[in-house]
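S.K.: Got a structure for you, written out below as structure tokens; questions coming shortly.
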Amino acid sequence: FLETAAYFCMKPKMGEKEVSPHSFFSIWHEFSSDFKDFWKKENKLILQERVKEAEEVCRQKKGKSLYNIRPKHDSGIVSKNWGYT
């Protein structure tokens, strides 16, 4: 524990010889809860952006027709043999 506290440059409070676990973990708890809150907010924003992008792609695909309609040409058997146009 003391090595971990030294790694994070924790110094004992006034009147204490060593860093107490209570003081270390109270700070750590605040940090981790803030980090979790920011993480959730960021993930929510990323999800909203991805949903908007997917909706835009869907709109673009719906705008394009799935098949092409070509005009009818007079090249069939009926038009050649009987002169229909």
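The values are calculated or read from the model by the stated rules, or taken from the named source; none is laboratory data. None of the values given here were measured: they were computed from a predicted structure. In this analysis, Cβ positions are derived from the backbone assuming ideal geometry, glycine residues included, and neighbour counts consider all displayed protein chains. For accessibility, only protein heavy atoms count, side chains too; no ligands or nucleic acids. Shrake-Rupley method; radii C 1.70, N 1.55, O 1.52, S 1.80 Å.
S.K.: Quick check on this structure: which one of R50, R59 is modelled with pLDDT of 90 or more and of a type in the set (K, R)?
M.R.: R50
S.K.: Going through the stretch 28-64 one residue at a time, which ones are more than 17 Å from the chain's Cα centre (by Cα) and open to solvent by 100 Å² or more (accessible area, probe 1.4 Å)?
M.R.: If the condition is that a residue be more than 17 Å from the chain's Cα centre (by Cα) and open to solvent by 100 Å² or more (accessible area, probe 1.4 Å), then W28, H29, E30, F31, F35, R59, Q60, K61, K62, K64 are the ones that fit.
S.K.: What residue, of K40, K80, is out of contact with any strand residue (DSSP E or B) (no Cβ under 7 Å at 6 or more places or on another chain), at pLDDT below 85 and not in a loop (DSSP other than H, G, I, E, B)?
M.R.: When all the criteria are applied, what remains is K80.
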